[in-house]
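S.K.: This structure is in structure tokens; I'll ask about it shortly.
The values are calculated or read from the model by the stated rules, or taken from the named source; none is laboratory data. Because the structure is a prediction, the values reported are computed rather than measured. No Cβ is skipped: glycine too gets one built from the backbone with ideal geometry, and neighbour counts run over all protein chains shown. To get the accessible areas, we keep the full protein, side chains included, count just its heavy atoms, and leave off ligands, DNA and RNA. Shrake-Rupley method; radii C 1.70, N 1.55, O 1.52, S 1.80 Å.
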Amino acid sequence: MKPIKRIHSANSRIPLKFKIWMYFVAFTIMVFVLLWLFQILFLENFYERMKTKGASDSAATIAASYDDLDSEELDELISKIALENDLCVEILDRYGRSVYSKKVLGDCLIHGRENSTYIYVRMISDSEDHIIKYKIKNPRSNYDMLLYGCTLGDSENPEGYLLLNSALVPVGSTVSIIKRQLMIITALLIVAAFIISLFLSRRIARPIDRITKSAEELAKGNFNTKFDGRGYLEAKQLADTLTYAEKELSRVDTMQRDLIANVSHDLRTPLTMLKAYAEMIRDLSGDNPKKRNEHLEIIINETDRLSAMVNDILDLSKLESGRQKLEPTEFGISSKLSEIIGRFKGISEKMGYNIHFAPDEERMVRCDVVKIEQVIYNLINNAINYTGEDKQVYVRQINCSDGVLIEVEDTGDGIEEDKIKLIFDKYYRSENHKREVIGTGLGLSIVKAVLKLHGYDYGVRSTLGKGSTFWFKINA
Ligand code: ADP
């Protein structure tokens, strides 16, 4: 067997374990990049948006309940909201005077600063949607503060104004804490990812490495190689497939060896005979016409046998290579069967064989006549070869609605159940074959190849000790 030639693309030169490891590490890095981006870069932005949303939601809740609640209930609601959202709440009347204030924050921008509240009221009235949202630096603490303002009641003719104020606690310190934590987590996890992925990738690649080694053994022609697919399902499937391929290769290998042995044996016998009889004519019977003719007859028969064998080998190789095309013609099947049976007349008379033919009504069929002739010939030939002591062979034509069934029956030993699958195989030959009629061990393989090419059904029924019936059906 030829060594396997390996063709690698640039990409396929990277081992699987390294690839898995690379993907895993890349994935981990990606996760960390995202984490760092969100936690460090976008944190401030995110925090501000959350705060603004918190303030506008709170304002909406307070504004919605303003008219419906009495002052005690309103105070309770505002206290709750202010506490939950870290807010200063200021309610102004329509002139901008403070009528209510709630202070949760230590540092409140609007609380008790009448002048500034008037400015905000003006800003709310001037703004298009009567809402203001500002980020203002608190001059006292230097912190950024969020200021949110809106109208209460009808926005065109407001009953009053609502101002909310919340401190935007600088996230810088939080970021640096998170950064430190993240650095430790990142370092730990990268090391962990590195180790885990290394371990994982090895585990995944190991069965494949093992199977590859076994496959190399198989490629060297060792058909006893075991494929170990432990690990995971795909490895097991691969190992099973290779085990199956190994069995098939081994079978074909044995068959091929058998064929060479059979063919060379079959060629040697006629060749030895040819040489022996030619020498006999030269040395002994050359001058004796009767003896000479006898010897010449044997030489002619053996030559026929040789050429039949060579023809079979050539036919089969042509059929199997797909180079043979069908040449369908129309002909009467009954007369064709009679004609083929007629060809066995010589041997039947000489050796006492009896071929019974049960024809049905003549039916025209359309197929490659030369090849179907060969099928029928091979089946009758085998029946004669393998029939029992009574030397009877039965050929039947049975017309059906969808074609013509042809059966060839003998009274021989029959074929064992497990052999039936094998007899149509190329190179298969039972050990106890008789050699009375020319046969090459390829007869049934040719039958199978021709019938498959036509798309016809075929098969064999056999009872041990009673005989076999080979059949095929010519489709209408
Ligand atoms: P050959 O007859 O030359 O050995 P074939 O391909 O025609 O080769 O047949 C293959 C094998 O199938 C035979 O060796 C024989 O074992 C079996 N076989 C074929 N025809 C019959 C039959 N009619 N009865 C019993 N066995 C048969």
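S.K.: Just report the Cα centroid separation between segment 74-103 and segment 163-234, whole Å.
M.R.: 55
S.K.: Which of LYS325/LYS419; LYS345/LYS466; LYS213/LYS247 have a Cα-Cα distance over 20 Å?
M.R.: Numbers: LYS325/LYS419 30 Å; LYS345/LYS466 25 Å; LYS213/LYS247 17 Å.
The answer is LYS325/LYS419; LYS345/LYS466.
S.K.: In addition: What does the accessible area per residue of the chain come to in Å², with a 1.4 Å probe and no ligands, DNA or RNA counted?
M.R.: Details: 28750 Å² over 476 residues.
With all protein chains present, the chain gives 60 Å² per residue.
S.K.: Let me ask something additional. Hey, if you drop one equal point scatterer on each alpha-carbon of the chain and run the Debye formula without solvent, what base-10 log of I(q)/I(0) do you get at q = 0.08 Å⁻¹?
M.R.: For the requested q values the scattering log ratios are -0.73.
S.K.: Using the basic label-point model (7 angstrom from Cα toward the beta carbon), what is the GLN181 to ALA476 distance in nanometres?
M.R.: Reported label-point gap for GLN181 and ALA476 is 8.5 nm.
S.K.: Using helices alone, I'd like the mean residue ellipticity at 222 nm for the chain: each DSSP H run of four-plus residues gives -39500 (n - 2.57), total over residue count, nearest 500.
M.R.: Numbers: 12 runs with 259 residues, N = 476.
Only helices count here, giving -19000 deg cm²/dmol.
S.K.: Show the residues, 5+ positions off or on another chain, whose built amide H is closer than 5 Å to the amide H of LEU152.
M.R.: For LEU152, the qualifying residues are GLU159, GLY160, TYR161, LEU162.
S.K.: Here's another thing I want to ask about it. Go through GLU417, GLU159 and list them by solvent-accessible area, largest first, probe radius 1.4 Å. Intermediate values should be presented prior to the final figure.
M.R.: Working: GLU417 150, GLU159 75 Å².
Ranking GLU417, GLU159 by accessible area, largest first, yields GLU417, GLU159.
S.K.: Let me ask another. I'd like the carbon and sulfur percentage of the solvent accessible area for the chain, probe radius 1.4 Å, heavy atoms only, ligands and nucleic acids excluded.
M.R.: Working: 16350 of 28750 Å².
The value for the chain is 57 percent carbon and sulfur by accessible area.
S.K.: With θ set to phi - 60°, apply the Karplus curve 6.51 cos²θ - 1.76 cosθ + 1.60 along segment 344-352 and write out the HN-Hα couplings as whole Hz, x wherever there is a Gly or Pro.
M.R.: Listing the rounded values in order: 8, 4, x, 5, 4, 5, 5, 9, x Hz.
S.K.: Longer than 25 Å from Cα to Cα, which of LYS421/LYS452; LYS336/LYS421; LYS53/LYS80 are they? Say none if no pair is. All intermediate terms of the calculation are to be shown ahead of the outcome.
M.R.: On the way: LYS421/LYS452 15 Å; LYS336/LYS421 29 Å; LYS53/LYS80 17 Å.
LYS336/LYS421, as the Cα separations exceed 25 Å there.
S.K.: For LEU200 and ASN222, FRET efficiency with R0 = 41 Å and r from the beta-carbon atoms, rounded to 0.05?
M.R.: Details: r = 32 Å, r/R0 = 0.78.
So, using R0 = 41 Å, E works out to roughly 0.80.
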